[in-house]
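Data first, discussion second: the structure below is written as structure tokens.
The values are calculated or read from the model by the stated rules, or taken from the named source; none is laboratory data. This structure is a prediction, so every number in the text was calculated from the model and none was measured. Counting neighbours? That spans all protein chains shown, and the Cβs are built from the backbone with ideal geometry, glycine included. Ligands, DNA and RNA are excluded from the accessible area calculation, which covers all protein heavy atoms including side chains. Shrake-Rupley method; radii C 1.70, N 1.55, O 1.52, S 1.80 Å.
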Amino acid sequence: MGELKLMKGNEALAEAAIRAGADGYFGYPITPQSEVIEYLMAEKPWERTGMVVLQAESEVASINMLYGGGGTGKKVMTSSSSPGISLMQEGISYLAGAEIPCVVVNVVRGGPGLGDIQPSQSDYFQSVKGGGHGDYRLPTLAPSSVQEMSDFVPVAFDLAFKYRTPVLIVSDGLIGQMMEKVELFDPIPRWTDEEIVEMHPWATNGKPKGGERRIMTSLYLDPHVLEEHNYKLQRKYAEITKNEVRYELLDAEDADYLFVAYGSSSRIAQKSVKLAREKGIKVGLLRIISLWPFASEIINEFTEKGIKGFLSVEMSAGQMVEDIKLAVNGRTKVEHFGRLGGVIHSPEEVLEALEQKLIGG
Amino acid sequence: MTEEIIIAGFGGQGVLSMGKILAYSGIMQDQEVSWMPSYGPEMRGGTANVTVIVSDERISSPTLSFFDTAVILNQQSMDKFEETVKPGGVLLYDPNGISKHPTRTDITIYKIEGARLAAEMGNTKIFNMVVLGAYLKVKPIVKLENVIKGLKKSLPERYHKLIPLNEDAITMGMKNVVKI
């Protein structure tokens, strides 16, 4: 068993970056995720593993540092919160277009605009429907505990390099700020330069003798060439959709109704399941772990089996609920419940919404 | 066993660290724990609170509307959290600075003169440990030895010489908690 610690979600994420063998972290502070860079600066990973930690002059600069670092085959990461992630969207689109692996973490806060610093889940659309321009998708993981803030970092790096794509981790202020028990995984050594040359023949780490020049670009001026490039990306996204759907079912076997939730809302909904079961209401929880690719197939299966309805529980005005509706395609009831602007819904409110919108409705 | 606690008072009273030590003590005896602070604008207004859950099972929601125990250390928190104690639950408070005392009859109310006792011990900073002692007397969810282990884990090494003082403060709290 690994080392047990009591840590904030943000701290666990930062420690996990070091342990995952990251080569560089580039970020700019913003509440509620500033502990990530604070922890890294205090921990001095450059002394532990040689990992670089740099406070960039802005979010725009940090995302472009990922373009440079990731382009050379290094494991690079940034984190921010909603307004900062909005600033990064141009860079993320370029990274997706140039197929550069990297990990971007969004500890979501209330919006739109500068919003507030409380937990929110209103960046779902931005995360999975293309926050930047162009036909691209980002594998997106949503941790719901401090443990997963740690565990998902190496998973995200694996996905990033397996598919040569930026990967998003979407957390929120609640998961970032709370402390829980976390079992830290054993450190993974950073790749040596030789290993990178061998593993990543696409990386721009110097023109090999007799080999072709390597260019990381998203610019293809000939539309037919760009179309071909887009088809290649789409084949990759199809592959990811086939292989990388992640979800968890809780108390779902005998359920008449299902809550569908991710991140902190899934924790709250778990409590609502308990409260409901005490009242004799058979409800379970489908916890979405990969926001994209989405767990449409399992939703389809429950629909086929005759589930009476789904309640999407999100701290937003209803974003993920659209993907549930697409999967259900009108065959059963789909409703949404969630508080807005950084207000955290209570387990009791979620249960009440189930009773009013689905059972009574 | 699942114990859901809110600890609430002024910033600087050691509310968050008391919660942290409790959470660490839970880890020391292989339990699941969560610690969720108020971190928003309300914290900047001077009040601080933290929700701590210690459980034998996987913890669901880290934020709650109702609690098994409320530890209340100022009037604002009394106004806000007295009503959030579950029927049959526990309210523990320090009467120092409290003008409106709790009135509920469906819960058990305990009093600890934490501020006064800490001052008498010559160190007002151990106030939160006196309160923790009082809490552990009422709700012995974690063993004292595990609290000490938790203290060792959560305090930087240079403060370990203060552990005996903290232990005395906990004992003081245990001895002086009064049921109302």
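Assorted remarks:
- The listed residue being at pLDDT 95 or above, surrounded by fewer than 18 Cβ atoms within 10 Å (Cβ to Cβ) and either more than 25 Å from residue A:146 (Cα to Cα) or more than 14 Å from chain B (Cβ to nearest Cβ) (or both), out of A:60, A:53, A:36: A:60
- Within segment A:290-318, the residues that satisfy the criterion of being under 23 Å from residue A:148 (Cα atoms) and open to solvent by 20 Å² or more (accessible area, probe 1.4 Å) are A:292, A:294, A:296.
- Meets criteria (outside the structural domain of residue A:309 (by TED's automatic domain parsing), open to solvent by 60 Å² or more (accessible area, probe 1.4 Å) and either within 24 Å of residue A:91 (Cβ to Cβ) or in contact with a Ser or Thr (Cβ under 6 Å, 6 or more places away or on another chain) (or both)) for residue A:240: no
- For segment A:1-33, taking the residues that are aliphatic (A, V, I, L, M) and surrounded by fewer than 19 Cβ atoms within 10 Å (Cβ to Cβ), the one that is nearest to the other protein chains (Cβ to nearest Cβ) is identified as A:4.
- The residue list A:208, A:189 contains one member that is surrounded by fewer than 11 Cβ atoms within 10 Å (Cβ to Cβ) and in a loop (DSSP other than H, G, I, E, B), which is A:189.
- Within segment A:211-226, the residues that satisfy the criterion of being open to solvent by 80 Å² or more (accessible area, probe 1.4 Å) and either assigned by TED's automatic domain parsing to the domain that holds residue A:22 or not in a loop (DSSP other than H, G, I, E, B) (or both) are A:223, A:224.
- When A:190, A:214 are checked against the criterion of being within 27 Å of the chain's Cα centre (by Cα) and more than 30 Å from residue B:59 (Cα to Cα), A:190 stands alone in meeting it.
- Residue match in segment B:3-18 (condition: within 14 Å of chain A (Cβ to nearest Cβ), within 17 Å of residue A:271 (Cα to Cα), in contact (Cβ under 8 Å) with a residue 12 or more places away in the chain and touching a Leu at 6+ places or on another chain (Cβ under 7 Å)): yes
- Of all residues in segment B:39-56, those satisfying the criterion of being at pLDDT below 95, within 11 Å of chain A (Cβ to nearest Cβ) and either within 10 Å of residue B:5 (Cα to Cα) or open to solvent by 10 Å² or more (accessible area, probe 1.4 Å) (or both) are B:39, B:41, B:42, B:43, B:44.
- Among (1) away from chain A (no Cβ under 14 Å); (2) in contact with a strand residue (DSSP E or B) (Cβ under 6 Å, 6 or more places away or on another chain) - the single one residue B:84 does not satisfy: (1)
- Residues (at pLDDT 95 or above and small (Gly, Ala, Ser)) located in segment A:204-239: A:218, A:238
- In segment A:243-261, residue nearest to the other protein chains (Cβ to nearest Cβ) [restricted to those that are closer than 20 Å to residue A:333 by Cβ, open to solvent by less than 30 Å² (accessible area, probe 1.4 Å) and not small (Gly, Ala, Ser)]: A:259
To keep it simple, each residue is scored yes or no on (1) away from every other protein chain (no Cβ under 14 Å); (2) among the basic types (Lys, Arg); (3) closer than 25 Å to residue B:2 by Cβ.
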| position | (1), (2), (3) |
| --- | --- |
| A:276 | no, no, yes |
| A:281 | yes, no, yes |
| A:297 | yes, no, no |
| A:302 | yes, no, no |
| A:307 | yes, no, no |
| A:340 | yes, no, no |
| A:352 | no, no, yes |
| A:358 | yes, no, no |
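- Pairs where the first residue, in segment A:128-151, is farther than 17 Å from residue A:100 by Cα and open to solvent by less than 10 Å² (accessible area, probe 1.4 Å) and the second is basic (Lys, Arg) and assigned to a helix (DSSP H, G or I), C-beta under 9 Å, 6+ apart: A:144/A:267; A:150/A:19
- Among residues of segment A:91-116 being part of a strand (DSSP E or B) and either within 14 Å of another protein chain (Cβ to nearest Cβ) or closer than 13 Å to residue A:64 by Cα (or both), the one that is most open to solvent (accessible area, probe 1.4 Å) is A:109.
- Scope segment A:169-186; condition more than 14 Å from chain B (Cβ to nearest Cβ) and either modelled with pLDDT under 95 or surrounded by fewer than 24 Cβ atoms within 10 Å (Cβ to Cβ) (or both); matching residues: A:185, A:186
- Number of residues in segment A:286-345 that are assigned to a loop (DSSP other than H, G, I, E, B), among the hydrophobic types (A, V, I, L, M, F, W, C) and over 19 Å from residue A:246 (Cα atoms) equals 6.
- Residue count for segment B:124-143, restricted to those that are open to solvent by less than 60 Å² (accessible area, probe 1.4 Å), over 12 Å from residue B:17 (Cβ atoms) and not hydroxyl-bearing (Ser, Thr, Tyr): 8.
- Sole exception among (1) closer than 17 Å to residue B:52 by Cβ; (2) modelled with pLDDT under 95 for residue B:96, by number: (1)
- The requirement of being out of contact with any helix residue (DSSP H, G or I) (no Cβ under 7 Å at 6 or more places or on another chain) and under 22 Å from residue A:139 (Cβ atoms) is fulfilled somewhere in segment A:55-65, by at least one residue.
Condition check ((1) among the small types (Gly, Ala, Ser); (2) under 23 Å from residue A:270 (Cα atoms)) across all residues:
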residue	(1), (2)
B:26	yes, yes
B:55	yes, yes
B:60	yes, yes
B:67	no, yes
B:79	no, no
B:87	no, yes
